[in-house]
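Just so it is clear, none of the values below were taken in a lab; they were calculated from the coordinates. Predicted, not measured: the structure shown is a model, and the values here were computed from it. As a convention, Cβ positions derive from the backbone with ideal geometry for all residues, glycine included, and neighbour counts pool all protein chains shown.
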């Protein structure tokens, strides 16, 4: 349950922002009163380019932190105690869309003062069709932009201090210029409330994948002890065994570390819990939001390097490139969770969906047995899933022979 808990915790935490995202005109007539103002504001910019057409996609908006306590006419009360918008969405001229996850810079971090690394990499999600933002392709490392299959180029991002006046001016200008396209959430982005307005459509809430670590020879010899006798290319063990076997091998505290701190396997991959630092980049830099004894700020620390990353899917998402869906039906014979590796072709990406979809499937939801539940890698069945909630049985670790290990990760909004 832990893997979904990350996403749900983010959704619940965002529910307080119910007065910030776009509302249809009838809802804008609601009366509200500011009773508390402890606001901090910053300007977030990130630029992309659509590879196929050269079209620029320039995000430029003002983020509000801890801005107000609002009482609504109907008696509701919203405590905007986090940052907003959590994500902005922009449509392309070709009918696609890109969602950008906001960097959390509510503690005074700016690019001007070099608190934010100059090569900071925010999470972006590509959608093939702006009429469906429920499943998309997440760009979770620099490799995604270098990948010939990728749709986007990344041109950089930065954070600058802003004021309430800047925030109000941005909201006014955005509302005046906004034109509804597809199911875009409006001029002020989206904040992932727990019960979104059905009229706005369904939006992704997390990006899931596996990072692939190539093992040094000392680890390979230890992993080979657990490699099944028939020597499958991809393999895993039961949920009860995997952490004490594969997990122990890659977390060996005696394994020499790269420069810096932390266990060996923890040095790689997208830092889904560090929204202020963006994703892992080749420089290894991350936001250092702490001060030295003399009052100066610590420089960016080399915390993580990017590993290979690959998408993890569950129904109804059937393929991530192109994005295709196949909703479960009562007459189906197989329910498939899958890792799309494609022999390394999808390096840099993750699959982005709404985690709640994984809970909708089960014997009490019109899917009586017998239905075969499996976990696959590139069409090869790696594990039979025996529980009634197969999404809860996705492997934490998947080995490729004795050469590499895939480790599950999730990046939530």
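In terms of its C-alpha gyration tensor, region 127-208 has an oblate overall shape, because the principal axis ratio a/c (a ≥ b ≥ c, square roots of the eigenvalues) is not below 1.5 and a/b does not outweigh b/c.
Just to confirm my numbers, what's the Cα centroid distance between region 133-160 and region 389-413 in Å? Taking the Cα centre of each part, region 133-160 and region 389-413 sit 22 Å apart.
Peptides 155-161, 186-192 ranked from most to least packed by the mean count of surrounding Cβ atoms within 10 Å: 186-192, 155-161.
Residue order for 55, 217, 400, fewest other beta carbons within 10 angstrom first, comes to 217, 55, 400. Judged by the mean number of other Cβ atoms found within 10 Å, the most tightly packed of the peptides 335-344, 110-119 leads the ranking 335-344, 110-119.
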